[in-house]
1. Any residue in the stretch 193-202 that is modelled with pLDDT of 95 or more, under 22 Å from LEU41 (Cα atoms) and either assigned to a strand (DSSP E or B) or among the hydroxyl-bearing types (Ser, Thr, Tyr) (or both)?
2. Check MET212 against each of (1) surrounded by 22 or more Cβ atoms within 10 Å (Cβ to Cβ); (2) in contact with a Lys or Arg (Cβ under 8 Å, 6 or more places away or on another chain); (3) not in a helix (DSSP H, G or I) and name the one condition it does not meet.
3. Could you check, for the stretch 157-175, whether at least one of its residues is touching a strand residue (DSSP E or B) at 6+ places or on another chain (Cβ under 6 Å), of a type outside the set (Phe, Trp, Tyr) and under 23 Å from TYR242 (Cβ atoms)?
4. Out of the helices (runs of 4 or more DSSP H) lying entirely within the stretch 1-114, which hold 3 or more residues that are farther than 30 Å from VAL216 by Cβ and modelled with pLDDT of 90 or more?
5. Filter the stretch 123-141 for residues that are small (Gly, Ala, Ser) and assigned to a helix (DSSP H, G or I) and give the result.
6. I'd like the residue in the stretch 115-141 that is surrounded by fewer than 17 Cβ atoms within 10 Å (Cβ to Cβ) and touching a Phe, Trp or Tyr at 6+ places or on another chain (Cβ under 9 Å) and, out of all such residues, is nearest to SER201 (Cα to Cα).
7. Hey, can you tell me all the residues within the stretch 226-240 that are assigned to a loop (DSSP other than H, G, I, E, B) and either modelled with pLDDT under 95 or exposed (fewer than 13 other Cβ atoms within 10 Å of the Cβ) (or both)?
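The values are calculated or read from the model by the stated rules, or taken from the named source; none is laboratory data. Just so it is clear, the model here is predicted, and its values are computed rather than measured. For neighbour counting, all protein chains shown are included, and Cβ atoms are generated from backbone atoms with ideal geometry for every residue, glycine included.
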Amino acid sequence: MLAGEASAAAAELGAALEPPSTSNSAAFFDLDNTLMQGASLFYLARGLAARKFFTTGDIARWAWQQACFRLGGFENAEHMARAREQALSFVRGHRVDELTRIIEEVFDEYMAHKIWPGTRALAQMHRDRGERVWLVTAAPVELATTIARRLDLTGALGTVAESVNGVYTGRLVGEPLHGPAKAEAVRALAERERLDLSVCSAYSDSSNDIPMLSLVGRPCAVNPDGELRRHAKEHGWRIRDYRTGRKALKIGFPTVAGATALVGGVAAGAALRRRYGP
């Protein structure tokens with residue numbers, strides 16, 4: 001199953017809890033550095049380390065590896081696969097409900113005060129219009145769903161991991177929801193929800209999300225990196241920057257190769273369990 005298809009399927013379960021919307025438009029928000037300052041998976045990793053899932057030394061090693069990848073200007077498939085294998089080994093064998101409880105706690109401890117007020121106001125504006133609002137992130141979909149629920153959003157699309165009988169297997173379903181995979185997931189969700197993408201909105205800070213932003217009629221660059229800012233200006237996209245003073249430091253631990261993989265096993269096990277049975 002492709003990453004986008006797996007994420008959209010998991011999101012369908014969460015959306016079923018909300019009354020159907022009469023609007024054919026929706027808004028899609030990236031998470032890290034768009035809705036939340038910094039990397040959500042870094043905060044989750046801190047919470048897991050505090051609970052002895054792994055050590056702070058492990059975090060430092062992965063951070064160093066990621067810095068080397070970024071300074072070297074490449075993140076290839078071999079690096080990504082190795083990082084995923086390392087990360088998934090720490091959550092393999094843990095129960096879905098255990099990780100779900102920890103995610104709730106970690107949100108309160110590390111993440112709640114990191115939400116950008118400006119971006120949250122944009123999300124609320126769409127909700128006030130009667131539109132559905134979705135997080136779309138490479139983070140585990142259980143983490144993303146918790147954040148969406150706490151912020152009164154519709155639901156979340158995220159990286160999906162496998163579980164059997166409520167226990168994580170240490171394998172992902174498809175690949176991390178990153179780059180073009182986000183666009184695939186949004187397209188699949190729009191088809192299922194009968195959304196008109198030409199009147200939908202999308203928000204992101206990263207040039208990696210240009211495929212998703214290009215899908216909709218109302219793209220917006222939020223706290224954009226340099227490449228996305230240039231692209232947005234060239235194409236007449238809206239730009240919003242809620243950082244103050246010097247450009248905010250974006251936590252580098254880890255991006256695709258590391259952070260997505262680090263807690264890949266904390267992904268949508270519950271959603272898959274409900275769909276495929278215990």
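1. Scanning the stretch 193-202, I find at least one residue that is modelled with pLDDT of 95 or more, under 22 Å from LEU41 (Cα atoms) and either assigned to a strand (DSSP E or B) or among the hydroxyl-bearing types (Ser, Thr, Tyr) (or both), so the answer is yes.
2. (3)
3. yes
4. The helices (runs of 4 or more DSSP H) meeting that bar are 96-106.
5. ALA123 - this is the single residue of the stretch 123-141 that is small (Gly, Ala, Ser) and assigned to a helix (DSSP H, G or I).
6. GLY118
7. Answer for the stretch 226-240, where residues must be assigned to a loop (DSSP other than H, G, I, E, B) and either modelled with pLDDT under 95 or exposed (fewer than 13 other Cβ atoms within 10 Å of the Cβ) (or both): just GLY236.
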